[in-house]
Amino acid sequence: MCGIFCYIGPRNAVRLVLEGIQKLEYRGYDSSGIALVSEGKLIFVKKMGKVAVLQAAIENQLSQQHLVAHTAVAHTRWATHGKPSDTNAHPHSDRKELCAVVHNGIIENHEAVRHLLEKRGIIFRSETDTEVISQLIGYLYKGNFLKAVQRGLALLQGAFALAVVHQNHPHEVICAAKESPLAIGIGEGEMFIASDPYAFVNHTKRAIYLHSSEIAVVTKNSVRAFNSRLLPIQKESEDLKLDVQEAIKGKYPHYMLKEIFEQPQTIQNALLSRYSEEYGTAILEGAHFSDEDLLKIQRIIILGCGTSYHAGMLGAYMLQEKARIPVEVEISSEFRYKNPIVVENTLAIAISQSGETADTLAALKELKAKGAKILGICNVQGSSIAREVDSSLFLRAGPEIGVASTKAFTSQVIILALLTLKLARMRLMGQNEGKQYIECLKRLPSQVKEVLEQADYIQSLAKKYAHYEDFFFLGRRLMYPTALEAALKLTEIAYVNAKGYPAGEMKHGPIALINESCPTLAFCADAVTYQKILSNMMEIKARGGKILAVVPEGATDIKKVADDIFWVPKTIDELSPICSTLFGQLFAYYVALERGTEIDQPRNLAKSVTVE
Ligand code: AGP
């Protein structure tokens, strides 16, 4: 959930680490800080607020004292323990201020270790769990930096990635990873350490990933890696497939809008070389499951959080309807405490854009422990979840920077639709139906473009509804998860209380809330339940509720109940969520724009939730 960036080399470390944590602000931005070694002294600058606040403080300090540093660690924070403040900002140090620690994750036994150190006379300055790390290393340091770090980490429980610098060892940074991501960028006579390689890809495309319980001593020319018992291990560097250009906003005012408009291309990318028109089936090249494995599947469990959970719900409808396989969709943070029953021939699918969501990582490990085979659907190669599963189908959506997930969601749904096609064709679906299914998939990029071309009309609808504080978002069958996803978008970027509900559920209570000041956004593009949702709309109309309906082209009888209508291109029910979701994304974006909220980095949120 936080961003770590370190530099060691001949260049100006202060400028480079500031640039680095600016690129990582999507991971959290309530405070930030830097520790640098200048002329043999460890200097700290830490500020509440975004990195820009820290940068101003550093420029102010630089004007007063000449800071030349070639080793620096920096951090941008999303608070887990201790409110956002200068004191709680990272880096944290020991009582003698000889070492500095930047950390991402949670130290689960931080209170016990804090108590142990306080009994030995150590006085803590902050409310954070991270300070336990720096105080412990400081307490254990007797001259051997690596040994002090290794012994300290051996006492800590939890999931973390961290980097430590020490005043007495100015030419090295020690870093470690346990369940959280950490990448080391290999430069020419310089090294970078970051929570996400995207932050240093403009400097080097070669990286080493630290895995669970590995420690590395990094100097400007070397990386020495060890296991938790300090036995040396060999780490191979990988070439990064990231392009920093993709992550630049370009002509768009927000990353979110750019990523919404990328979807014709990202849907194309998700489909690329993943179907056979000749046989009307899908080709899942990344999924290392043999056809006999796939034929034997008798049950599927899908894990996810937030938007990824909504994608999983859509996958369940498709897989049960077309492949006739029982599917359970589970919210990761709940599932891991259910003591799941895993019968043989169970396929688990872990959906995660970032590949770093701690709840999903923990839940899939629980399933692995019970013998399930795991397929990952992720967007980030080398991410923790991508490394933990048996095989992965990557979204190929490029970096998604906006905290509100958009292009990743539609690509997740495409991947699930391809998986459905593959499994359905191995069971009851005939070749012709498979070929029709593929034709509908191939039409999606152009249909999405049709929706995007109506952005101005969607913006006019958004302006009309932007002042409402409460909304119902309703749908039936595949439009129900579509409604949930659209409601989440409006909630997280416009801070509107949008409640997603199955439309049939309204009469069992929630309809009591319908009145003039609580409009309904109805997603009606589901042929099987269209007449049913029409009657639900009439029940709402009869109680004075305003209705904005998202309807497939040609369904004109909606005109008798809806106050406003947005027509989406027609397709099969299994693929109807895509265009309806595009409407939901743009509607939420333009409402947030109208309400003046922070769109790419909404309050209280972060892009990657790496804490449980
Ligand atoms: C979606 O807009 C949110 N940012 C959030 O719900 C997100 O989908 C969730 O945290 C899961 O993230 P993941 O896909 O990276 O696992």
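The values are calculated or read from the model by the stated rules, or taken from the named source; none is laboratory data. Source: prediction; values computed, not measured. Neighbour counts run over all protein chains shown; Cβ positions are idealised from the backbone, glycine included.
Please work out if Gly398 is away from the ligand (no atom under 16 Å from the Cβ) and surrounded by fewer than 24 Cβ atoms within 10 Å (Cβ to Cβ). Let's see the steps before the verdict.
Numbers: away from the ligand (no atom under 16 Å from the Cβ): no; surrounded by fewer than 24 Cβ atoms within 10 Å (Cβ to Cβ): yes.
No, not satisfied.
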Open item on the list: Can you tell me which residue is surrounded by the most Cβ atoms within 10 Å (Cβ to Cβ) among those in region 22-32 that are in contact (Cβ under 8 Å) with a residue 60 or more places away in the chain and part of a helix (DSSP H, G or I)?
Closed with: Arg27
Task: Subset tally (residues that are surrounded by fewer than 20 Cβ atoms within 10 Å (Cβ to Cβ), in contact with a Phe, Trp or Tyr (Cβ under 9 Å, 6 or more places away or on another chain) and closer than 20 Å to Thr420 by Cβ) for region 562-583 - done: 2
- [ ] Determine if region 252-267 includes at least one residue that is touching a Lys or Arg at 6+ places or on another chain (Cβ under 7 Å), charged (D, E, K, R), surrounded by fewer than 18 Cβ atoms within 10 Å (Cβ to Cβ) and over 20 Å from Ala363 (Cα atoms).
- [x] no
- [ ] Kindly indicate whether Val568 is within 16 Å of the ligand (Cβ to nearest atom), at pLDDT 95 or above and within 22 Å of Lys449 (Cα to Cα).
- [x] no
- [ ] Quickly run through region 184-197 and pick out the residues that are more than 15 Å from Cys6 (Cβ to Cβ) and touching a residue at least 60 places away in the same chain (Cβ under 8 Å).
- [x] Gly189
Task: Qualifying positions in region 584-612 - in a helix (DSSP H, G or I) and surrounded by fewer than 24 Cβ atoms within 10 Å (Cβ to Cβ) - done: Tyr590, Leu593, Glu594, Arg595
Task: Index of the failed condition, Phe471 passing every other in (1) free of Cβ contacts under 8 Å to residues at least 60 places away in the same chain; (2) in contact with a helix residue (DSSP H, G or I) (Cβ under 6 Å, 6 or more places away or on another chain) - done: (2)
Open item on the list: Tally up the residues in region 298-309 that are crowded, with 24+ Cβ neighbours inside 10 Å and either at pLDDT below 95 or more than 10 Å from the ligand (Cβ to nearest atom) (or both), please.
Closed with: 3
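Within region 310-356, how many residues are within 16 Å of the ligand (Cβ to nearest atom), in a helix (DSSP H, G or I) and closer than 15 Å to Ile415 by Cβ?
Narrowing region 310-356 to residues within 16 Å of the ligand (Cβ to nearest atom): 310-315, 329-336, 348-356.
Imposing the further condition that a residue be in a helix (DSSP H, G or I) reduces the set to 310-315, 332-335.
If we keep only those that are closer than 15 Å to Ile415 by Cβ as well, we get 310-315.
Matching residues across region 310-356 total 6.
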Open item on the list: Scan region 372-382 and tell me whether some residue there is more than 13 Å from the ligand (Cβ to nearest atom), under 22 Å from Leu182 (Cβ atoms) and in contact with a helix residue (DSSP H, G or I) (Cβ under 9 Å, 6 or more places away or on another chain).
Closed with: yes
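Could you tell me whether any residue of region 570-579 is within 20 Å of Ser460 (Cβ to Cβ), out of contact with any Gly (no Cβ under 9 Å at 6 or more places or on another chain) and not small (Gly, Ala, Ser)?
Step one: filter region 570-579 for residues within 20 Å of Ser460 (Cβ to Cβ), giving 579.
Those left that are additionally out of contact with any Gly (no Cβ under 9 Å at 6 or more places or on another chain): 579.
Filter once more, so that each one left must be not small (Gly, Ala, Ser): 579.
Among the residues of region 570-579, at least one is within 20 Å of Ser460 (Cβ to Cβ), out of contact with any Gly (no Cβ under 9 Å at 6 or more places or on another chain) and not small (Gly, Ala, Ser), which makes the answer yes.
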Open item on the list: Can you list residue pairs whose Cβ atoms sit under 8 Å apart, with the first residue in region 294-323 being farther than 23 Å from Met426 by Cα and the second being surrounded by fewer than 20 Cβ atoms within 10 Å (Cβ to Cβ)? Count only pairs 6 or more apart in sequence or on different chains.
Closed with: Gly304/Ile331; Cys305/Ile331; Cys305/Ser333; Tyr309/Ile331
TODO: Among residues belonging to region 134-172 that are among the small types (Gly, Ala, Ser) and part of a strand (DSSP E or B), point out the one that is surrounded by the fewest Cβ atoms within 10 Å (Cβ to Cβ).
DONE: Gly158
Open item on the list: Looking only at region 401-426, count every residue that is within 11 Å of the ligand (Cβ to nearest atom) and part of a loop (DSSP other than H, G, I, E, B) and tell me the total.
Closed with: 5
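Please tell me if Leu605 is within 16 Å of the ligand (Cβ to nearest atom), in contact with a Ser or Thr (Cβ under 8 Å, 6 or more places away or on another chain) and aliphatic (A, V, I, L, M).
no
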Open item on the list: One residue is enough: does region 360-376 have a residue meeting the conditions hydrophobic (A, V, I, L, M, F, W, C), modelled with pLDDT under 95 and part of a loop (DSSP other than H, G, I, E, B)?
Closed with: yes
